[in-house]
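Colleague: There's a structure below that I have some questions on.
The values are calculated or read from the model by the stated rules, or taken from the named source; none is laboratory data. Remember, it's a predicted structure, so these values are computed and weren't measured experimentally. All Cβ positions, glycine included, derive from the backbone under ideal geometry; neighbour counts span all protein chains shown. In case anyone asks, the SASA skips ligands and DNA or RNA and just uses the protein heavy atoms, side chains included. Shrake-Rupley method; radii C 1.70, N 1.55, O 1.52, S 1.80 Å.
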Amino acid sequence: MGAYYLDWLNLFFRWFHVIAGVAWIGASFYFVWLDLSLRKPPQWKTDKGISGDLWAVHGGGFYEIAKYKLEPEQMPKTLHWFKWEAYTTWLTGMAMLSIVYYANATAYLIDPSKVAFGSSVGAISTSLLFLFGSYFIYEVIVRSHLGKNSLIFSSIIFILLIIACWGSYQLFSDRASFIHIGAILGTVMAGNVFFGIMPAQRALVDCVRRGEKPGKEVADLALQAKNRSLMNNYFTLPLIFIMISNHYPMMYAHTHGWLVLVFVCIITAIVRHYFNQKHLDNHKPRYLVIPAVLTVLLIIWMRPEPIEPLPVATAAVAAETVTSDSVPPTTESAVASSAVNTDAVSDEAVSNESVTTDVVPVTASVATGADDAMMNVVHTRCSTCHAAQPTQQGFAAPPAGIILQTPTDMKIHKAKIITAVQTGYMPLGNLTQLTDEERQQLVAYASGL
C-alpha cells in the first residue's frame with residue numbers, strides 16, 4: 001500500500017517539476033536570446049541610459065523592450081524577480097529524488113555489484129554527501145579568483161564534471177548515476193541563482209533605490225553573477241537530456257555509461273554554444289556539424305552486438321542446465337524401445353513407425369524443457385516485479401503494466417524484454433541477481449519466440 005501512495009506522490013511532484021522546469025528553462029533561453037539580440041538604440045534612448053532595445057511582435061501585438069545600462073530614470077512600483085522558477089524546479093526535483101531513489105533505495109539507488117551498502121541509510125547518506133559535496137566544491141571555485149576568468153573557470157568545471165560522472169558510476173546503480181549528475185547540475189544552477197545572481201541583483205536595486213552609483217563590491221558581484229549565468233546557460237541542455245534519460249536504458253546501462261554521459265554533455269554544450277553565437281549574428285555552422293558527427297560516432301560506438309536466436313539444441317542444453325531432473329529420451333533409445341514391442345510387424349514397418357511416432361514427442365519434450373527452464377529463470381528473476389501482484393517491496397503494480405508469467409507473455413513483450421535485458425536495464429539494480437549467462441540465454445530465448 002505504501003508503494004501506491006509513493007506512486008501518487010511521484011506523479012504529483014513530477015507534474016510540478018515539469019511545469020517549473022519549463023518555466024525556468026524557457027525564461028533562461030528567452031533572456032539569453034534577448035540579451036544577445038538587443039541592438040544599439042537611437043540617441044534619445046541612449047541619453048536616458050538605455051544600452052539596447054528590441055522590437056518584437058507576438059500574440060497580435062507589438063512589444064518594445066529596453067535594457068538599461070545601470071538604472072532606470074525612476075524605479076518601477078512593480079519589479080518581477082525571476083527566481084521561483086529555479087527554486088521550484090530544484091525543490092520538486094529533490095522531492096522526486098527522495099520518493100523514487102531514497103524511498104526505494106534497494107530497487108533504484110543501490111547496485112550490489114558495485115558497492116554493497118549495508119543498509120539504505122548508508123546509500124542515501126552517500127548520495128547526499130556526493131551531491132552536496134560536489135556543489136560545495138563548485139561554490140568554493142566560483143567564489144575564488146579562478147571564478148573571475150571565464151575560460152579557466154569553465155575548463156575546471158568541465159574536468160570536475162568528468163570526474164563526477166565516473167565517480168557516480170562507481171557508487172550507484174546505472175540509472176541512479178545519470179540522475180545524480182542531473183541533480184548536481186540542477187543544484188549548481190539553482191545555487192547560482194540563490195547565492196550569486198539574486199544577491200547581485202539585490203545589490204544593484206538597493207543602490208538605485210538609494211540613488212547611489214554601484215561601487216566595486218556591486219561590480220564584483222555582477223561579474224560573479226555573469227559567470228554563474230554563463231554556467232547555467234551551458235548546463236541547460238545536458239540537464240534536459242538527463243531529465244529524460246531514465247526512459248532510455250541504452251544510454252545509462254551501457255558498459256561505459258559514464259563516458260556516454262560525458263560525450264552527451266560535450267555534444268549538447270557545443271549545440272548551446274552555436275545558438276549563443278547565432279544570437280550574436282556569428283553564424284558558425286561548424287558548431288552544429290561537430291556535434292552531429294560526434295552523435296553519429298556515439299551511435300556507432302554504442303551499437304549492441306547482434307542477437308542470435310536460441311536454437312533448439314542450445315535450448316535443450318539450457319533446459320538440462322537449469323532443470324537437471326527432466327532429461328528427455330534420445331531418438332535412438334525411443335526407436336529401440338518401440339522396436340521391442342512390435343513383434344507382429346515387419347522390420348521396415350517397425351522402423352517407419354518408430355520414427356514417425358517417437359521423434360515428434362522428443363522434439364516437443366526439448367521445446368517444453370527449454371520453456372520450463374527459461375520460465376524458471378523468469379519467475380525467479382523477473383516475476384517478483386512483473387506479476388499481477390508484485391512480491392518485490394516497493395512495487396504496487398508491475399512496471400509499465402508488463403506481466404511475465406507464461407511463454408505467451410514473453411512473446412507479447414519480446415521486443416521490450418530483449419532491449420531491457422540486453423542493456424542491463426532489467427532487473428532494476430539487478431535486485432534478483434540475474435547472472436550474465438542467464439541474461440544471454442533469456443535474450444536469445446526471447447528473440448526466438
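Colleague: So for the pair E139, S120, with labels modelled 7 Å out along Cα→Cβ, what separation do we get in nm?
Modeller: Placing both labels 7 Å beyond Cα along the Cβ direction yields 2.8 nm.
Colleague: Can you pull out the GluC sites (Glu not before Pro) in the stretch 11-114 that DSSP calls coil and that have at most 11 other Cβ atoms within 10 Å?
Modeller: When the GluC sites (Glu not before Pro) of the stretch 11-114 are filtered for loop state and at most 11 Cβ neighbours within 10 Å, E73 remain.
Colleague: Next up: Taking a ≥ b ≥ c as the square roots of the Cα gyration tensor eigenvalues, with a/c under 1.5 meaning rounded and otherwise prolate when a/b beats b/c, else oblate, which class fits the stretch 206-248?
Modeller: prolate
Colleague: Give a residue-ordered list of calculated ³J(HN,Hα) values for the stretch 434-449 (Karplus: 6.51 cos²θ - 1.76 cosθ + 1.60, θ = phi - 60°; whole Hz; x for Gly, Pro).
Modeller: 5, 6, 4, 5, 5, 4, 5, 5, 5, 5, 5, 5, 5, 5, x, 6
Colleague: Under the 0.36 nm per residue contour assumption, what length would be gained going from the current alpha-carbon distance of W55 and K226 to full extension?
Modeller: Details: separation 171, 0.36 × 171 = 61.56 nm, distance 2.46 nm.
My answer for the length gained is 59.1 nm.
Colleague: A further question follows. Counting only protein heavy atoms and using a 1.4 Å probe, what share of the accessible area of the stretch 167-212 belongs to carbon plus sulfur, as a whole percent?
Modeller: That fraction is 57 percent.
Colleague: Let me ask you something else. Rounded, prolate or oblate, given the Cα gyration tensor of the stretch 9-48, with a/c below 1.5 counting as rounded? Before the final figure, lay out each step's value.
Modeller: On the way: a/c = 9.52, a/b = 4.43, b/c = 2.15.
Taking the square roots of the gyration eigenvalues as a ≥ b ≥ c, the stretch 9-48 is prolate.
Colleague: So which lysines pass the test for K67, namely a Cα distance under 21 Å, with those fewer than 8 places away in the same chain ruled out?
Modeller: Partners within reach: K40, K45, K48, K77, K83, K213, K226, K278.
Colleague: By the scheme Lys and Arg +1, Asp and Glu -1, what is the net charge of all other residues having a beta-carbon under 14 Å from that of T255?
Modeller: On the way: positive: K114, R303, R439; negative: D111, D174, E305, D436.
Computed value for this residue: -1.
Colleague: Roughly how many nanometres apart are two label points built 7 Å out from the Cα toward the Cβ at I162 and I299?
Modeller: Calculated label separation equals 2.6 nm.
Colleague: Let's test this: bin the Cα-Cα distances of the stretch 81-226 at 5 Å from zero up to the farthest pair and state each bin's percent.
Modeller: Over the stretch 81-226, the share of Cα pairs per 5 Å bin runs 2, 9, 16, 17, 16, 13, 10, 7, 5, 3, 2, 1, 0 percent.
Colleague: Turning to a different aspect of this structure: Once the Cβ-Cβ distance between F132 and L259 is put in as r, and R0 is 25 Å, what FRET efficiency do you end up with, to the nearest 0.05? Walk me through the intermediate numbers first.
Modeller: On the way: r = 25 Å, r/R0 = 1.00.
The pair F132/L259 has a calculated efficiency of 0.50.
Colleague: At a Förster distance of 30 Å, what's the computed FRET efficiency of E64 paired with D281, Cβ-Cβ distance as r, to 0.05? Walk me through the numbers before you get to the answer.
Modeller: On the way: r = 21 Å, r/R0 = 0.70.
Computed FRET efficiency for E64 and D281: 0.90.
Colleague: To continue, here is another question. How big is D for the stretch 90-151, in µm² s⁻¹ as a whole number, if Stokes-Einstein is applied with the Kirkwood radius of its Cα pairs at 20 °C and 1.002 mPa s?
Modeller: 159
Colleague: Here's another thing I want to ask about it. Amide H neighbours of G52 under 5 Å, counting only residues 5+ apart in sequence or on other chains, H built in-plane at 1.01 Å?
Modeller: K67
Colleague: Can you compute the modelled spin-label distance between S98 and T46, with each label point 7 Å from Cα toward Cβ, in nm?
Modeller: For the pair S98/T46, the computed spacing is 5.4 nm.
Colleague: With a 1.4 Å probe and every protein chain left in place, work out the accessible area per residue of the stretch 49-136 in Å², rounded to a whole number.
Modeller: On the way: 5180 Å² over 88 residues.
On a per-residue basis, 59 Å².
Colleague: What are the extents of the Cα atoms of the stretch 142-254 along their three principal axes, listed from largest to smallest and rounded to whole Å?
Modeller: Taking the Cα atoms of the stretch 142-254, the three principal extents are 58, 25, 20 Å.
Colleague: Quick check on the stretch 382-426: take the gyration tensor over C-alpha atoms, sort the square-rooted eigenvalues as a ≥ b ≥ c, and tell me if it's rounded (a/c under 1.5), prolate or oblate. Don't jump to the answer; show the numbers that get you there.
Modeller: On the way: a/c = 2.32, a/b = 1.35, b/c = 1.72.
Since a/c reaches 1.5 but b/c is at least a/b, the shape of the stretch 382-426 is classed as oblate.
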